[in-house]
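Peer 1: Pasting a structure here, questions to come.
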Amino acid sequence: MFAPCATQLLDLAAVEPGERVLDVACGTVARRAAARVGAGGVVAGSDVNEGMLEVAAATAIDLPVRIEWHRADATALPLPDGAFDVVCCQQGLQFVPDPPLALREARRVLTPGGRLALAVWRSIDHHPVFAAFVRALERHAGPGTAAPLRAPFGGPGREELRRRLTETGFDEVQVRIATFGARFPSPGEFLWRQAASSPLGVPLAALDEEPRRALARELDQTLGEWVDDDGLVVPMQTWLATARR
């Protein structure tokens, strides 16, 4: 689900061989950046979640450059001033408690003239499959269970992103819409993969059998228009913001 977005983010940042790249809220972008900068470059990744770092490190093998992993909050990066040519953050800014401080930290670790590239999902209204999933969860598991699934889509919109970047001191701010799709074998597989990779797992496992079956039946019905011969298509939209220090 994140790979197409990571590729577009790195394309907009125009990452080149030999450059120094930091991936904040890391994993997918860092691995792809390593292939672009090559042996002469530097790639680092930071995340506040140790488990995410472990997964990222375990999948970052056979790359031309060793990635440096840092457990750190985006608002307090343990990195020197001006250490990177590019800072990327894919779908992480909306989870940071203090986004303006995180943007100031990103600017601090950028070299003068360095580039920032951010991806933030558009609102859930632009994600019909997830919107239907949230409504079904609210009916069968309660609003509290559905809340974590809304959170990724609650980030800043176009003008707020532009304002925050400008107020932080970034120049040449551009905000674009990117669209792509993810695929799952079926609505049921989509449900259980979401449960396995998010905080939904525990409350869904605690549901009685009948509400769990009812949830699966509703998703089969409501997501039918997004199913083709290859399974379920999940259309996604994200803001991609770029700026220069």
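Peer 1: When you check Ala214 against the structure, is it buried (at least 16 other Cβ atoms within 10 Å of the Cβ) and among the aliphatic types (A, V, I, L, M), yes or no?
Peer 2: yes
Peer 1: Looking at the structure I just gave you, is Ala136 within 22 Å of Trp226 (Cβ to Cβ), in a helix (DSSP H, G or I) and out of contact with any Leu (no Cβ under 8 Å at 6 or more places or on another chain)?
Peer 2: No: the conditions fail for Ala136.
Peer 1: Select the helices (runs of 4 or more DSSP H) contained entirely in the range 144-245, then report the ones holding at least 2 residues which are closer than 19 Å to Gly92 by Cβ and touching a residue at least 40 places away in the same chain (Cβ under 8 Å).
Peer 2: Once the helices (runs of 4 or more DSSP H) in the range 144-245 are filtered for at least 2 residues that are closer than 19 Å to Gly92 by Cβ and touching a residue at least 40 places away in the same chain (Cβ under 8 Å), what remains is 158-168.
Peer 1: Condition first: under 28 Å from Ile177 (Cβ atoms) and acidic (Asp, Glu). Now tell me which residues in the range 195-245 satisfy that.
Peer 2: Glu225, Asp228, Asp230
Every number here is computed from the coordinates shown, using simple stated rules; none is lab data. Every value quoted in this text rests on a predicted model; they were computed, and no experiment measured them. Using ideal geometry, Cβ is built from the backbone for each residue, glycine included, and neighbour counts are taken over all protein chains shown.
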